[in-house]
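Peer 1: I have a structure I would like to understand better, so I am pasting it below and will then ask my questions one at a time.
The values are calculated or read from the model by the stated rules, or taken from the named source; none is laboratory data. Given the structure is predicted, the values throughout are model-derived calculations rather than measurements. Glycine also receives a Cβ, built like all others from the backbone with ideal geometry; neighbour counts cover every protein chain displayed. The area values use the complete protein model at the heavy-atom level, side chains included, leaving out ligands, DNA and RNA. Shrake-Rupley method; radii C 1.70, N 1.55, O 1.52, S 1.80 Å.
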Amino acid sequence: MVEWYTREESEPSEEFGTVPSQRNVEQLLEKSFIVIDKPFGPTSNQVSSWIKKELNLHKTGHFGTLDPNATGVLPVGINGGTRIQRVLSQSEKEYIFEAELTQDRAKEDIEDVLKQFLGENQQTPPEKSAVKKEERSREVYEIELLEKDGKKILGRVKCESGFYVRVLIDQIGDELDVAADMNELRRTKQGFLSEEDTCKIQDIVDAYHFYKGDGDEEKIRELVHPIENAVKDIPKVVVKDSAVNAVANGSKLGTAGISKLQGGISEGDMIAVMTLKGELICIADALMSSEEMFSEDGDAAAPETVHMKPEEYPKRWDQ
């Protein structure tokens with residue numbers, strides 16, 4: 001349970017801002033995200049482009065690339081929601097994979113090899129990836145053998161963002177002194193998002209047409225998430241209405257503008273700066289710890305990406 005600390009009691013004004021759940025659909029589509037269950041075949045970019053075209057959007061972008069032959073959880077930002085990338089794309093991920101060995105190996109040997117990959121791993125991205133081909137370190141938090149059927153193995157791995165399961169399977173084969181090929185790969189979790197949060201591409205297309213054609217908002221509200229949902233697991237600082245405009249203009253957040261904050265923040269952490277109504281103002285880098293933000297004066301955080309228009313709150317509004 002995350003603890004909250006009140007630096008200065010403050011009440012939100014009814015004149016400014018909007019509680020995220022009370023935005024109308026057009027406001028929601030201005031900055032939001034959806035979670036697609038990516039099908040086998042298309043690239044992640046193709047999925048993002050289809051959604052942009054079918055929903056007549058200005059901009060879309062996916063967070064966390066899946067190979068064409070991989071399926072599962074793929075968050076896609078909508079319009080201004082594409083700027084939430086730092087939060088969603090860098091979160092930890094979980095995969096279920098099926099691999100086939102060229103020679104059978106004992107279940108116990110496979111389990112022992114998998115345990116070797118817990119912790120820090122050195123990987124070089126595969127040739128087909130779009131990133132630089134240099135060795136880098138990525139962490140595996142959990143890994144287990146789920147099933148074994150002859151030369152086929154079914155496994156689960158929970159890992160740091162940027163970890164390549166395809167490379168892992170090659171490394172497993174090397175440790176077992178066999179060749180190993182990936183048959184299937186499915187992303188089951190990305191941060192706090194899971195398969196239960198996903199929808200099919202056709203689901204969101206249908207929901208949009210129900211809204212545009214019949215004025216039926218129920219389904220599109222169910223599938224389209226306000227950007228605030230993306231920061232639910234990030235430490236938060238809540239500011240007074242009088243500080244919102246300055247932070248939305250990109251100014252550093254001073255401790256005098258803070259109403260309340262969560263504990264456990266360390267200097268350098270990524271934090272979400274919120275209004276009293278629960279709106280996301282910006283993703284910021286903490287310049288102080290929680291204790292310092294609560295008890296000291298000075299700059300508490302520096303905005304990294306701003307998600308609110310400054311005009312939504314008045315300049316230096318006097319409470």
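Peer 1: Would region 96-104 turn up any residue that is within 23 Å of G155 (Cβ to Cβ), out of contact with any helix residue (DSSP H, G or I) (no Cβ under 7 Å at 6 or more places or on another chain) and either open to solvent by less than 60 Å² (accessible area, probe 1.4 Å) or among the hydrophobic types (A, V, I, L, M, F, W, C) (or both)?
Peer 2: Among the residues of region 96-104, at least one is within 23 Å of G155 (Cβ to Cβ), out of contact with any helix residue (DSSP H, G or I) (no Cβ under 7 Å at 6 or more places or on another chain) and either open to solvent by less than 60 Å² (accessible area, probe 1.4 Å) or among the hydrophobic types (A, V, I, L, M, F, W, C) (or both), which makes the answer yes.
Peer 1: What are the residues in region 105-120 that are open to solvent by less than 60 Å² (accessible area, probe 1.4 Å) and closer than 16 Å to R156 by Cα, if any?
Peer 2: I110, V113, L114, F117, G119
Peer 1: Filter region 30-78 down to the residues that are among the small types (G, A, S), within 22 Å of S129 (Cβ to Cβ), modelled with pLDDT of 95 or more and not in a helix (DSSP H, G or I) and list them by number.
Peer 2: Once the filter is applied, which keeps residues that are among the small types (G, A, S), within 22 Å of S129 (Cβ to Cβ), modelled with pLDDT of 95 or more and not in a helix (DSSP H, G or I), region 30-78 yields G41, G61, A70, G72, G77.
Peer 1: I would also like to ask the following. Do any residues in region 130-159 that are farther than 21 Å from E94 by Cβ have Cβ atoms under 8 Å from those of residues that are open to solvent by 80 Å² or more (accessible area, probe 1.4 Å) and among the β-branched types (V, I, T), where the two are at least six apart or on different chains, and which pairs are they?
Peer 2: Close Cβ pairs (under 8 Å, with a partner that is open to solvent by 80 Å² or more (accessible area, probe 1.4 Å) and among the β-branched types (V, I, T)) amount to A130/T65.
Peer 1: So D203 clears everything in (1) touching a Leu at 6+ places or on another chain (Cβ under 7 Å); (2) in contact (Cβ under 8 Å) with a residue 24 or more places away in the chain except one condition, right? Which one?
Peer 2: (2)
Peer 1: Given the criterion buried (at least 19 other Cβ atoms within 10 Å of the Cβ) and among the aromatic types (F, W, Y), identify the matching residue among F40, F16, F33.
Peer 2: After ruling out the rest, the residue left standing is F33.
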